[in-house]
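Each value in this text was obtained by applying a stated rule to the coordinates, not by laboratory testing. Only a predicted model underlies this, so the values are computations on that prediction, with no experimental measurement involved. A quick note on method: Cβ atoms are made from the backbone with ideal geometry, for glycine too, and the neighbour counts reach across all protein chains shown.
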Amino acid sequence: MFSVTRRARYLSYGLGLMLLCGGSASAQASLSLTAALAEARLNSLGGVQSVAHIEVMQQRLTQAGALPDPQLSLTLANLPDMHLGLDRDPMSQLQIAYSQRLPFPGKRALQRQEASHQVLAANEQSQAYQLWLAQQVAYLWWERVYVDQTLRLNQEEQGLYQRLIDTSQTLYSVGRGQQQDVLLAQLQASHLKEQQLGLRVQARILAAQLNVLMNRAVDTALDLALIQAQPLPPAPSLDSVQAMASQHAALKSMEADVASMRSSRDLAEKDRYPDFNVTAVYGLRDGRDDLTTLQVAVNLPIFAGQKQARLIDERGAQLMRGRYQLQLARLEQAAKVTTAHAQYVTARQQVALFEDEILVQARQSLDTLLARYQVNKVDFQALTQAQDVLNQHQTHYWRAYTQAWQAWARLHAAAGTSIEEADHE
């Protein structure tokens, strides 16, 4: 049985292949997945927000369990007939009182415990956000790769149709071709231009979404160098990924929330016991001995059935809700792992099928028809259909390839492992 650390290394095997285009040179620096992840991690407003939330929770922890502020009071007592002097009545005095409320033993410790669990929950939630952010950046980056590859195929097919137009015109000029062949090729070329417009819009939309995650201006242009498909890493065992997912940061955050709710319920139970109020009074008298008074007071929870008991029930219900939410989250996390694992395995099989069979057969079919068309042994429509089939298969191949890496990113996010920075050479 692999250890969790070893399983994490095993899952990270394919990330070096996943982070492509890091070393390509161009006039404008291309955005690799490595760079996108690093920039999003550094500049994401969601990340800044989660750090600020941690700071809030830490400041609350420093206040938790502190004693209530004491009270200092001055009193002119026992003055006859509103006479402000202290010499007319032996009980007239200036009283200086200091009062301090002392919570029942155990309350302050529970307050600190509750706050410490909230700090832990905030830290784990920040880690969970980073995992989500990496998944989103990887998903959008690979989606943009798919669109760029589809644009490349579109441009190549436009060039091919232009050559077919030239060939058709040549054959027509010597009486070996038909004018409808020229018109059909021109129609196909126009249709490809229309598709190109839609793909460019998709590229701009994806660029805007990536810019938001990296905290850039939404209209910042993104350049992703065209990549070469690389072998996909083998799928890890489902059991190993599920073992890592059971320690996911999002689950740990919810566990800390449940622990905080438990402390809150225990604190509500402590409210059935009285707090203490200790008061010391020093009375200054004119020409007589001063007086000292010590007082201890307690609140009487005589309405506990209407107040404290109801609060205990409320906190208990909150705790049960938190436990059920945690159980549901564990099931959902396991489902995410299973789904992402199945999607990756399926996409990887599809990629292998395209590479080993479908694309090879489609290219061979097109080459054969093109050679026969040049000697006028096959009609132009059959040739264009073969070209369309090849283009569709190439587009589907890149769809399966990018979906495989997207599923790989989801698998990492579901398992709770980060996408490591390593460019593909």
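Observations
- Label positions at Asp81 and Val51, each projected 7 Å from the Cα along the C-beta direction, are separated by 7.4 nm.
- Extension gain, Glu314 to Gln364, is 10.8 nm, computed as 0.36 nm per intervening residue step minus the present C-alpha separation.
- Selection from Gln333, Gln392, Leu411, by position along the positive dipole direction of region 316-417 (Cβ): Gln333
- Proximal lysines relative to Lys336, as straight alpha-carbon distance under 23 Å, when same-chain residues fewer than 8 apart are discounted: Lys252
- Working note: Karplus 6.51/-1.76/1.60 with θ = phi - 60° gives region 355-368 the couplings 5, 8, 10, 4, 5, 4, 5, 5, 5, 4, 5, 5, 4, 5 Hz, where Gly and Pro are set to x.
- Exposure proxy for His191, His248: other Cβ atoms within 10 Å of each Cβ, ordered fewest to most, give His191, His248.
- Full-extension gain in nm, Ala97 to Thr293, via 0.36 nm per residue minus C-alpha separation: 69.7 nm
- If only the Cβ of Lys and Arg carry +1 and only the Cβ of Asp and Glu carry -1, the dipole of region 284-425 around its Cα centre is close to 740 debye.
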